[in-house]
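Peer 1: Below is the structure I would like to discuss, written out as structure tokens.
Quick note: the coordinates plus some simple rules give every number you see, no bench work behind them. As the structure is a computational prediction, the values presented were derived from the model and not from experiment. Every residue, glycine among them, receives a Cβ derived from its backbone with ideal geometry; neighbour counts consider all protein chains shown.
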Amino acid sequence: MAVRNFWVEADIDGYNSTPAGGPRRKDGGMDITVYQREDGGIKTAVQIFCRSLGEKLITEVEINGKLVGKFETAR
């Protein structure tokens, strides 16, 4: 599998294919948001922010607006 700076795959019930992808540019990043229904409304459950900063690749995960994890690697 060719993996870019960041790569995401999702297994979603009812879909025949697995949505997957990542940023095309070497300095590209991506943001992922998972929404969840609450009493007929919609809340943000999880946000994932992926950034390329020079030779560092950083992924941060927020739940309920609070940073709960950070993962950092070299390109």
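Peer 1: Taking the alpha-carbon distance from K43 and a cut-off under 18 Å, which lysines remain once sequence neighbours fewer than 8 residues away in the same chain are dropped?
Peer 2: Once the sequence-local lysines are set aside, what remains near K43 is K66.
Peer 1: Leaving out same-chain residues fewer than 8 places away, which aspartates and glutamates sit with a Cα under 18 Å from that of K26?
Peer 2: Result set, ordered by chain and number: E55, E72.
Peer 1: Which lysines does K70 reach when only Cα atoms under 16 Å apart count, and residues fewer than 8 places away in its own chain are ignored?
Peer 2: Filter leaves K56.
Peer 1: Any idea what the relative contact order of the chain is, in percent, if you count C-alpha pairs under 8 Å spaced at least 6 apart? Intermediate values should be presented prior to the final figure.
Peer 2: On the way: 129 pairs, mean separation 15.1, N = 75.
Value for the chain: 20 percent.
Peer 1: Dimensions of the chain along principal axes (Cα, Å, largest first)?
Peer 2: Extents along the principal axes, in whole Å: 44, 34, 16.
Peer 1: May I ask which residue of G21, A10, L53 lies farthest towards the positive end of the charge dipole of the chain, with charges of +1 (Lys, Arg) and -1 (Asp, Glu) on Cβ and the Cα centre as origin?
Peer 2: Most positive-ward Cα: L53.
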